[in-house]
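Presented below is the structure to which this report refers.
The values are calculated or read from the model by the stated rules, or taken from the named source; none is laboratory data. Since the structure is predicted, the reported quantities are computational estimates derived from the model, not experimental observations. Every residue, glycine among them, receives a Cβ derived from its backbone with ideal geometry; neighbour counts consider all protein chains shown.
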Amino acid sequence: MRRPFIAANWKMNKTIPETKGFVNEFILAVKDVASTDIVIAPPFTSLSTASELIRGTGIKLAAQDVFYEEKGAFTGEISPVMLLDSGCSYVIIGHSERRQYFGESDEIINKKIKASRKNALGVIFCIGESLEQREAGKTFDVLKQEIENGLRDVVMENIVIAYEPIWAIGTGRTASPEQAQEAHAYIRSRLRVLYGNKSEEICIIYGGSATPENIDSLMACPDVDGALVGGASLKPESFTRIVRFRKAEGK
Ligand code: PEP
């Protein structure tokens, strides 16, 4: 049985005081939620503050990126050990904004995943096609390539896959439940080729304009195990409603 996994990606938003305000309110709002893994990914500057505040709650902390070296002359970079040190249990790797604006290749992403797992840091690994690729009928090819390259020589443990169609991120244009289910089922079929029956235990979460209004129908899909939420995670009340999605019969 896969536990629902809902993560907030704040991107480059929130100062330390804003982080405090959000976390203090959010902790109270979700304190009785026991059956869902809840993760928040603030910017690096707020990690330690958030870590102190969530101590003793079930909420976990993620960073939005990591570098693959352990230490040394890499100005501006942050290692997996430093993230553990700041209280993180997870790191987001391969987000399309990092691929697009910072030139992250599948090879770099694979190194980041390996370095994180070597240090026992959980990984939220993002994949997804652009609108152009979808319209050209290449969605499955892109997903296959990103999975195979990103997970090359990676032992499958404590890794969550986030399917994030680029055309749905920050656009208000969500994938329909049918589109999400189709992509998630395909991703699981590729994971089955790589990892056999273990693929049934892997959480595959959806990201791309998830909101309080569409979360219930997305979560009703058999292969949608959670969500990675950008814009709608910035306000405690809307992220709380997403965390408190309504379960469909039989799921
Ligand atoms: C994201 O950036 O991971 C994301 C899903 O953003 P949004 O929810 O704003 O589309």
Number of the exception - Val193 against (1) modelled with pLDDT of 95 or more; (2) within 16 Å of the ligand (Cβ to nearest atom): (2)
Meets criteria (within 13 Å of Arg2 (Cβ to Cβ) and within 13 Å of the ligand (Cβ to nearest atom)) for Gly208: no
Long-range neighbours under 7 Å by Cβ, at least six apart or interchain, first residue within 8 Å of the ligand (Cβ to nearest atom) within the range 158-176, second among the β-branched types (Val, Ile, Thr) and assigned to a loop (DSSP other than H, G, I, E, B): Ala168/Thr174
Sole exception among (1) crowded, with 18+ Cβ neighbours inside 10 Å; (2) without any contact (Cβ under 8 Å) to a residue 40 or more places away in the chain; (3) not in a helix (DSSP H, G or I) for Ile92, by number: (2)
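Please indicate, with yes or no, whether at least one residue in the range 79-87 is in a helix (DSSP H, G or I) and crowded, with 23+ Cβ neighbours inside 10 Å.
Within the range 79-87, the subset in a helix (DSSP H, G or I) is 80-85.
Subset that is crowded, with 23+ Cβ neighbours inside 10 Å: 80, 83.
Scanning the range 79-87, I find at least one residue that is in a helix (DSSP H, G or I) and crowded, with 23+ Cβ neighbours inside 10 Å, so the answer is yes.
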Residue in the range 209-229 that is over 27 Å from Lys60 (Cα atoms) and in a loop (DSSP other than H, G, I, E, B) present: no
Checklist (1) under 15 Å from the mean Cα position of the chain (by Cα); (2) buried (at least 18 other Cβ atoms within 10 Å of the Cβ); (3) away from the ligand (no atom under 16 Å from the Cβ) applied to His184, failing item: (3)
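Given the structure, is Thr36 touching a Ser or Thr at 6+ places or on another chain (Cβ under 7 Å) and at pLDDT 95 or above? Write out each step before concluding.
On the way: touching a Ser or Thr at 6+ places or on another chain (Cβ under 7 Å): no; at pLDDT 95 or above: yes.
No; evaluated as a whole, the condition is false for this residue.
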Evaluation of Gly170 against (1) over 17 Å from the mean Cα position of the chain (by Cα); (2) surrounded by fewer than 16 Cβ atoms within 10 Å (Cβ to Cβ); (3) part of a loop (DSSP other than H, G, I, E, B); (4) not basic (Lys, Arg) (one fails), failing number: (1)
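Considering the range 203-243 alone, what residues qualify as being among the basic types (Lys, Arg) and buried (at least 17 other Cβ atoms within 10 Å of the Cβ)?
Of the residues in the range 203-243, the ones among the basic types (Lys, Arg) are 235, 241.
Residue satisfying the conditions is Arg241 alone.
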